[in-house]
Amino acid sequence: MICIKFYDGFLKDYPSGITPIEIALDMNEKKAREVLSASINGHQVELSTPITKINIQIVFYSWENTLGKKAFWHSSIHLLGQTLLQIHPQAKLTIGNPIENGFYYDVDLVDGPQQNFSSNLEERMLENARKNSIFELYSIYKAKSLDYYKENLYKIDIIKNLQEGDTTFCSNDDFVDLCRGTHIFSSGKIKYVKILNSSGVYWHSDEKNQQLTRVYGISFPNEKHMNEYLLKFEEAKKRDHRKLGKELDLFNFSDNVGAGLPLWKTKGTVLRRSLEDFLMRAQKKYGYEMVVTPHIGNKKLYKISGHIDKYENDSFLTRFSHHFGEEILLKSMNCPHHCELFKSQSWSYRDLPKRFAEFGNVYRYEQSGELHGLTRTRGFTQDDAHIFCTTDQLVDEFHRVIDLVLYILKSLGFEQYTIQISLRDLKIMNKYIGKEQNWKKAEEDIIEAVCNKNLPTKIIHGEAAFYGPKLDFLIQDSLKRNWQLGTIQIDYSLPERFDLQYQGPDNLLYRPVIIHRAPFGSLERFIALLIEHTGGNFPFWLSPIQVILIPISEKYIFYAEKILHLLYKYGIRSNIDLRSEKTGKKIRDAEINKIPFMAIVGEKEMYDGTISIRAHTIGNMGKFTFEAFLELLFNEA
RNA sequence: GCCGGUGUAGCUCAGUAGUUAGAGUGAUUCCUUGGUAAGGAAUAGGUCAUGAGUUCAAUUCUCAUCAUUGGCUCCA
């Protein structure tokens, strides 16, 4: 007998060799139907694997749990693989994975990549699912598995990198696949399948390798969950900043101006300016000083900084003068300019930290396939600053920057973000410049600063900048794609390359450290994410138009204009709807334009000198005196 | 940059299996002067992304380019 402890602490004895699915059925037959996966002593296991260990703790997962969904989608990958082979018998399966919403399988279709899969694929997957075959995981000797896949070089490649005990296979129905699990019990649970899209990818993500077809799909145990997902997906698409940007008249692109170069309309400009003002005020409190540097710079500047070696092909060349032997580029970063500013005078240790801030417009030739609305452009505005400090001040200063970034995110309602410590990839060291000891120190500094702050972070190797490690703040867009917004970077390299110095208390010259930082990252990208998070319903202080006056008829325009001028006097961004439309139409349009407040004025209001207020998405708030309305507005702001 | 999809009026989209196009909405003008999410009418607005090719004839078919879009790769 073995003793099983359940999640809620309940204990029960079972015969050795019992499987998790049998335990689930024994506990509650109805609930067992919802069980998709289980873990034993914290390790996710197959539902069909007999348990022999005594004294174990078991936890079951349903659809509501990420691990349950993961097992469900993992199992769906097998159905996809099986069905793809039925349709394309020559195809070579490679690697499949469950993802946040669904799963994918990379397959070499032999005839070259193909991306049009008919609904036939979905139907045949479901036919296979209905056979309700059990997913069984078992180990095979490495040599035998290599033999099994002698026609499939991709699988051989994977197996060669596995340890002897790790070559496990999964079989269900007539299909066998190299697999490490974990699966749901049987395929019949998979009731609905959607093939979402597919694209060409390279084996091991290397463009020198064979091109494969990646087929994305998603599956569900019932119609309700599928409809929920589809509805959410539709809702998410409505929040797309490219769509809302057009609808709310914020920005625009023109083929004549060029790809990836946003044109900011008047309303979008108000939004930008408001954000800039907000950040400037916040930074002032943190001791930043504003600077302005040109949009272009001499190539030799970027030679000193080291950027040119890495990014020359991604820079815009503006002018080449043979006579003077100089080349001038559009700037793609502000740090070299700020270093030159720092160098323009001598500094005492008493002057540090020195914090130079600039809304710097930079231009980078992003690959055509990378351009994406405002989140990836070829011209954008960094809310950049460079802090020149002593090594003693570094960690403390880093804390202050973290505080600032967190304050910004909180003020704008971003509650969910990932904080990522981006370090070097120790396998590709030629990507980085600077001395080993400086890198080590910088990486330790970041980790120390973050540990002190007790922030939930994850460490990712290979995401560092070429001159130093970073702390990145990542936020998801409406379609769950991650974007890096805020970033804080420690740099021992540029101070050396620019030979930056300050005079210490002992009269000797010392090298400062630079912290590069941008809380928004790029203003364009930040606004894109802000649009998607608010769905275009901006907080009052950011709304391009804050109040719209709606006269009931032409007779009350005069009164409305009086109110408008009063609002102007208090700096409220206001407008009047002068069209000869009915009130209902004007209100509808104001609601669609997401204007926070509508002020409706007619005979009644004119008679007693009031205004009727309707708040966006809230509705009629009744009559207000102008003073009472102002108070309401200032509470909003 | 790579593999697919898409490109028709300011916007959202129909349509033409080859004979130079239509709706809704927005815009303009007129009527209407209305009370919390769409009042009515008329008018203007398109070399059907661009360039080549096939054809008696191309917005429609083919190719290329550009833009855009979903992934991949990249992201100082």
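Is it the case that A:THR49 is outside the structural domain of A:LEU196 (by TED's automatic domain parsing) and either touching a Ser or Thr at 6+ places or on another chain (Cβ under 7 Å) or closer than 26 Å to A:LYS224 by Cα (or both)?
Criteria met by A:THR49.
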Show me the helices (runs of 4 or more DSSP H) entirely contained within the range A:219-310 in which 2 or more residues are over 30 Å from A:ARG517 (Cβ atoms) and either touching a Leu at 6+ places or on another chain (Cβ under 9 Å) or near RNA strand B (Cβ under 10 Å from one of its atoms) (or both). A:223-238, A:241-247
Quick check on A:ALA518: is it assigned by TED's automatic domain parsing to the domain that holds A:VAL395, within 30 Å of A:TRP347 (Cα to Cα) and in contact with a strand residue (DSSP E or B) (Cβ under 9 Å, 6 or more places away or on another chain)? yes
Of all residues in the range A:269-300, count the ones that are more than 27 Å from the chain's Cα centre (by Cα) and small (Gly, Ala, Ser). 2
Out of the range A:401-422, which residues are touching a residue at least 40 places away in the same chain (Cβ under 8 Å), of a type in the set (A, V, I, L, M) and not in a strand (DSSP E or B)? A:VAL401, A:ILE402, A:LEU404, A:VAL405, A:ILE408, A:LEU409, A:LEU412
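Yes/no matrix, rows are residues, columns are (1) of a type in the set (A, V, I, L, M); (2) not assigned by TED's automatic domain parsing to the domain that holds A:SER348:
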{"site": "A:PRO495", "(1), (2)": "no, no"}
{"site": "A:VAL513", "(1), (2)": "yes, no"}
{"site": "A:SER522", "(1), (2)": "no, no"}
{"site": "A:PHE540", "(1), (2)": "no, yes"}
{"site": "A:LEU566", "(1), (2)": "yes, yes"}
Against the condition without any contact (Cβ under 8 Å) to a residue 40 or more places away in the chain, surrounded by 14 or more Cβ atoms within 10 Å (Cβ to Cβ), in contact with a Phe, Trp or Tyr (Cβ under 9 Å, 6 or more places away or on another chain) and not hydrophobic (A, V, I, L, M, F, W, C), how does A:GLY81 come out, does it pass? no
Qualifying residues in the range A:192-216 (those that are more than 7 Å from RNA strand B (Cβ to nearest atom) and not in a strand (DSSP E or B)) - the one farthest from A:VAL107 (Cα to Cα): A:LYS208
List the pairs whose first member sits in the range A:478-504 and is among the aliphatic types (A, V, I, L, M), whose second member is at pLDDT below 95 and surrounded by fewer than 19 Cβ atoms within 10 Å (Cβ to Cβ), and whose Cβ atoms are under 6 Å apart, counting only residues at least 6 apart or on separate chains? A:LEU479/A:ALA236
Being small (Gly, Ala, Ser), within 19 Å of the chain's Cα centre (by Cα) and over 21 Å from A:ALA464 (Cα atoms) is the filter here, so list the residues in the range A:375-429 that pass it. A:SER411, A:GLY413
Odd one out for A:ASN197 among (1) modelled with pLDDT of 90 or more; (2) closer than 18 Å to A:TRP73 by Cβ: (1)
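Out of all the residues in the range A:503-526, which are outside any strand (DSSP E or B) and surrounded by fewer than 22 Cβ atoms within 10 Å (Cβ to Cβ)?
Taking the range A:503-526 and keeping what is outside any strand (DSSP E or B), we get A:504-508, A:511-512, A:519-521, A:523-526.
Once the filter is applied, which keeps residues that are outside any strand (DSSP E or B) and surrounded by fewer than 22 Cβ atoms within 10 Å (Cβ to Cβ), the range A:503-526 yields A:GLY504, A:PRO505, A:ASP506, A:ASN507, A:LEU508, A:ARG511.
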Using beta carbons and a limit of 9 Å, which pairs, at least six apart or on different chains, have the first residue in the range A:300-324 and touching a residue at least 24 places away in the same chain (Cβ under 8 Å) and the second one near RNA strand B (Cβ under 9 Å from one of its atoms) and assigned to a strand (DSSP E or B)? A:SER315/A:TYR363; A:PHE316/A:TYR363
Could you grab me the full set of residues in the range A:141-185 that are under 23 Å from A:PRO89 (Cβ atoms), without any contact (Cβ under 8 Å) to a residue 40 or more places away in the chain and of a type in the set (A, V, I, L, M)? A:LEU146, A:ILE156, A:ILE159, A:VAL176, A:LEU178
Meets criteria (surrounded by 13 or more Cβ atoms within 10 Å (Cβ to Cβ) and among the acidic types (Asp, Glu)) for A:GLU228: no
Inside the range A:114-130, can you point out the residues that are surrounded by fewer than 14 Cβ atoms within 10 Å (Cβ to Cβ) and either modelled with pLDDT of 95 or more or not assigned by TED's automatic domain parsing to the domain that holds A:ILE190 (or both)? A:GLU127, A:ARG130
Looking at the range A:605-615, which of its residues are more than 6 Å from RNA strand B (Cβ to nearest atom) and either surrounded by 15 or more Cβ atoms within 10 Å (Cβ to Cβ) or in contact (Cβ under 8 Å) with a residue 60 or more places away in the chain (or both)? A:MET606, A:THR610, A:ILE611, A:ILE613, A:ALA615
Given (1) in the same structural domain as A:GLU366 (by TED's automatic domain parsing); (2) surrounded by fewer than 17 Cβ atoms within 10 Å (Cβ to Cβ), index of the condition A:ASP166 fails: (1)
Number of positions in the range A:363-400 that are under 19 Å from A:TYR302 (Cα atoms) and either part of a helix (DSSP H, G or I) or within 8 Å of RNA strand B (Cβ to nearest atom) (or both): 3
Could you check A:LYS586 against (1) surrounded by fewer than 18 Cβ atoms within 10 Å (Cβ to Cβ); (2) more than 8 Å from RNA strand B (Cβ to nearest atom); (3) among the charged types (D, E, K, R) and say which number it fails? (1)
Sort through A:LYS562, A:LYS594, A:LYS623 and tell me the only one that's of a type outside the set (A, V, I, L, M), more than 7 Å from RNA strand B (Cβ to nearest atom) and in contact (Cβ under 8 Å) with a residue 40 or more places away in the chain. A:LYS594
Please find, within the range A:393-419, the residue that is nearest to A:LEU455 (Cα to Cα) out of those that are surrounded by fewer than 18 Cβ atoms within 10 Å (Cβ to Cβ) and among the hydroxyl-bearing types (Ser, Thr, Tyr). A:THR418
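Conditions tested, residue by residue: (1) near RNA strand B (Cβ under 8 Å from one of its atoms); (2) more than 30 Å from A:ILE408 (Cα to Cα).
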position	(1), (2)
A:SER553	yes, yes
A:TYR568	no, no
A:ARG573	no, no
A:LYS582	yes, yes
A:MET598	yes, no
A:GLU603	yes, yes
A:THR617	yes, no
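Looking at A:VAL35, is it within 21 Å of A:ASN132 (Cα to Cα), touching a strand residue (DSSP E or B) at 6+ places or on another chain (Cβ under 7 Å) and among the aliphatic types (A, V, I, L, M)?
Yes: the conditions hold for A:VAL35.
The values are calculated or read from the model by the stated rules, or taken from the named source; none is laboratory data. On a predicted model such as this, the values are computed, not experimentally measured, just so you know. In this analysis, Cβ positions are derived from the backbone assuming ideal geometry, glycine residues included, and neighbour counts consider all displayed protein chains.
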